[in-house]
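Novice: Mind looking over this structure? Questions follow.
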Amino acid sequence: MYTQSFSVADGDKPRGPKAAPAPLSADEQAREDAFDARIADDGRIEPRDWMPDAYRKTLVRQISQHAHSEIVGMLPEGNWISRAPSLKRKAILIAKVQDEGGHGLYLYSAAETLGTSRDEMLAALHSGRAKYSSIFNYPTLNWADVGVIGWLVDGAAIMNQIPLCRCSYGPYARAMVRVCKEESFHQRQGYEALLVMMRGTAEQRAMVQDAVNRWWWKCLAMFGPPDDNSPNSALGMKWGIKRISNDELRQKFVDATVPQAKVLGVTLPDPDLKWNEARGHYDYGAIDWDEFWATVNGNGPCNKERLNTRVKAWNEGAWVREAALAHAEKQAQRKLKEAA
Ligand code: BYC
C-alpha cells in the first residue's frame with residue numbers, strides 16, 4: 001500500500017515531491033512579462049535589463065564556449081605560422097590568428113557583462129569543465145589543412161554566426177557583427193590558398209583532396225547534434241539566442257559548399273551526397289555522432305594537447321597579469337595623490 005513513507009524524512013534530508021515554486025509577486029510578474037514582450041517584439045536585452053536566471057546562464061554558457069573556441073582555435077593554425085610557404089602566406093596567417101585572439105576577447109567581454117568574471121570562465125576551460133568547439137581537437141598535418149580550415153571551418157563558423165548577429169542579447173549580437181566580417185575574410189583567404197594549390201602540381205592537388213577528406217565530416221558535426229537530440233535548442237530558439245536550428249544550418253552549409261567544391265575541383269568524401277529535387281537541397285550521408293561525442297567529452301586526438309597548451313600559456317603569463325595589475329594600482333595611487 002502507498003503510504004506517507006514516500007515523503008518521510010530520510011535522515012536529515014526531507015524527501016518527496018518538490019515544493020511548488022512560490023507564486024510571483026506582482027512586480028516580479030510585471031518584469032517577466034516585460035522581458036517576454038521584448039523578446040516577442042524582437043527587441044534587444046541589455047546588461048542592466050532584468051532577465052531570467054536561466055537566460056543569463058544559457059548566454060554565459062554559449063558565449064564563454066564560443067570565446068574558448070576562438071582562443072583554442074588559434075592553436076591548430078598557429079602551429080603553421082613558422083612553416084608558411086611564403087612571406088605573403090605567413091603575414092595572412094599571422095593576421096588571421098591574431099583576429100581570432102581578438103574575437104575571443106570581445107566574446108569574453110560580452111560574457112562578463114552578464115556578471116561572470118573572465119577568471120571564472122578561464123578556470124572552467126582550464127579544468128576541462130567548459131566546452132569549446134570539437135573541431136579544434138584535430139591535428140593540422142600539412143599546409144593544405146590551413147587552407148581547408150579557412151574554407152570549411154571558417155565557412156561553417158560564418159554560417160552559424162551570421163544569425164547570432166541578430167541574437168536577442170545586445171552585447172553578443174554587436175560583437176558578432178565584427179567577428180562575422182573578419183570570418184568572411186578568413187574563409188576567402190583559405191579558399192584562395194586552396195585555388196592556388198589546385199592550380200599547382202599533382203602532389204599539391206592530392207594534398208588538398210586529402211585535407212578535405214579529413215575535415216569534411218568534422219565540419220558537418222561542428223553545427224552540433226541533430227535537432228531532435230539538442231537539449232539546449234528549444235530555449236535558445238524561444239529566447240532569440242539561436243535563430244536557425246543546428247540541422248538547418250548544417251543543410252545550408254552543405255548546399256553552399258557543394259558548388260564551391262566543384263569550382264575548386266575537389267570531391268567531397270560522401271558517396272550519399274546528391275541533389276534532391278523534391279527537397280531543393282543536397283542529401284548527405286550519416287555523421288559519426290559517437291566520434292563527435294567522444295571528442296566533445298575530451299577524448300579526441302588533440303584534446304589533451306590543446307588544453308595543456310592553454311594551461312601552460314596561462315601559467316607562464318602570470319607575471320604579465322601581475323605586472324599589469326601592479327602598474328594599474330600605481331597609477332591609481334598617483335592619481336589619488338595628485339587629487340589630494
Ligand atoms: N563542439 O543542445 P546543443 C570558431 C555541445 S567556430 C563542442 O545543440 P547549443 C572558429 C553544446 O555546447 C566554433 N561542443 O547546444 C572558427 C551542448 O553542451 P552543453 C565556435 C558542442 O548551445 C575558425 C551539447 O553539445 N562557435 O569559433 O544549443 C577559427 C548539446 O548541444 C558542439 C560557437 O561557439 C561542438 N561543435 O548549440 C577560429 C558559436 N556542438 O553546453 C575559431 C556559438 C554542440 O549543454 N555557439 N556542442 O554542456 C552555438 O551556436 C551553439 O552553442 C552550438 C551548440 C550550435 C555550438
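The values are calculated or read from the model by the stated rules, or taken from the named source; none is laboratory data. Keep in mind that this is a model prediction, so the values were computed, not measured. Virtual Cβ from ideal backbone geometry, glycine too; neighbours counted across all protein chains shown. These accessible areas exclude ligands, DNA and RNA; they are computed on the full protein's heavy atoms, side chains included. Shrake-Rupley method; radii C 1.70, N 1.55, O 1.52, S 1.80 Å.
Novice: Based on the Cβ-Cβ distance from TRP275 to VAL196, what FRET efficiency comes out when R0 is 30 Å, to the nearest 0.05? Each step should come with its number before you reach the end.
Specialist: Details: r = 29 Å, r/R0 = 0.96.
Rounded to the nearest 0.05, the efficiency is 0.55.
Novice: Also, quick follow-up: Determine the dipole magnitude for region 69-218: charges of +1 sit on the beta-carbon of Lys and Arg, -1 on that of Asp and Glu, nothing else is charged, the reference point is the Cα centre, and the result goes in debye to the nearest 20.
Specialist: It comes to approximately 280 debye.
Novice: Okay, next question. Please report, as a whole percent, how much of the solvent-accessible surface of the chain comes from carbon and sulfur atoms (probe radius 1.4 Å).
Specialist: Carbon and sulfur together cover 56 percent of it.
Novice: Could you compute the net charge surrounding GLU28? Neighbours are other residues with a C-beta less than 13 Å from the C-beta of GLU28; K and R count +1, D and E count -1.
Specialist: -4
Novice: So what's the convex hull volume per residue for the Cα atoms of the chain, in Å³? Could you put the intermediate results ahead of the total?
Specialist: Values: hull volume 84.3 nm³, N = 340.
In the chain, the Cα convex hull volume per residue is 248 Å³.
Novice: Once you charge only the Cβ atoms, +1 for Lys and Arg and -1 for Asp and Glu, what is the size of the charge dipole of region 193-340 about its Cα centre, to the nearest 20 debye? Don't jump to the answer; show the numbers that get you there.
Specialist: Numbers: 21 positive and 19 negative charges, 192 e Å.
Dipole magnitude for region 193-340 comes out near 920 debye.
Novice: Moving on to the next point. Picking from GLN98, HIS66, ALA84, whose Cα lies most toward the positive end of the charge dipole for region 54-184 (charges on Cβ: Lys, Arg +1; Asp, Glu -1)?
Specialist: The residue sitting most towards the positive pole is HIS66.
Novice: Moving on. Cross-link candidates for LYS88: which lysines have Cα within less than 26 Å, leaving aside residues fewer than 8 places away along the same chain?
Specialist: LYS96, LYS181
Novice: Which lysines, if any, have their Cα less than 19 Å from the Cα of LYS57, not counting same-chain residues under 8 positions apart?
Specialist: List returned: LYS131, LYS238, LYS242.
Novice: Could I have the simple spin-label model distance between GLU338 and PHE185, label points 7 Å from Cα toward Cβ, reported in nm to one decimal?
Specialist: If labels sit at GLU338 and PHE185, their model points lie 3.5 nm apart.
Novice: So for the chain, taking the charge dipole from beta-carbon charges (+1 Lys/Arg, -1 Asp/Glu), which of ILE244, ALA324, ALA20 sits furthest toward the positive end?
Specialist: Positive-end residue among those listed: ALA324.
Novice: Could I ask something else about it? For GLU32 and ARG174, what does the FRET efficiency come to when R0 = 25 Å and r is the distance between their Cβ atoms, rounded to the nearest 0.05?
Specialist: E(calc), rounded to 0.05, equals 0.50.
Novice: Rounded to the nearest 0.05, what FRET efficiency is calculated for ALA326 and THR113 with R0 set to 35 Å and r the Cβ-Cβ distance?
Specialist: The computed FRET efficiency comes out at 0.85.
Novice: Shifting gears a bit: Please work out the average accessible area per residue across the chain, using the 1.4 Å probe convention, and give it in Å².
Specialist: 56 Å²
Novice: Further question: Find which of LEU141, CYS219, GLY200 sits farthest along the positive direction of the dipole of region 100-254, computed with +1 on the beta-carbon of Lys and Arg, -1 on that of Asp and Glu, about the Cα centre.
Specialist: CYS219
Novice: Once you wrap a convex hull around the alpha carbon atoms of region 38-186, what is its projected area averaged over all directions, in nm²?
Specialist: 9.1 nm²
Novice: Using +1 on the beta carbon of Lys and Arg, -1 on that of Asp and Glu, and nothing else charged, what's the dipole of the chain about the Cα centre, debye to 20?
Specialist: In debye, rounded to 20, the chain gives about 1040.
Novice: Cross-link partners among aspartates and glutamates for LYS330, C-alpha distance below 17 Å, same-chain residues fewer than 8 apart left out?
Specialist: GLU322, GLU338
Novice: Turning to a different aspect of this structure: Say each of ALA286 and GLN204 gets a label point 7 Å from the Cα, pointing the same way as Cα to Cβ; how far apart are those two points in nm?
Specialist: Once both label points are built, they end up 3.9 nm from each other.
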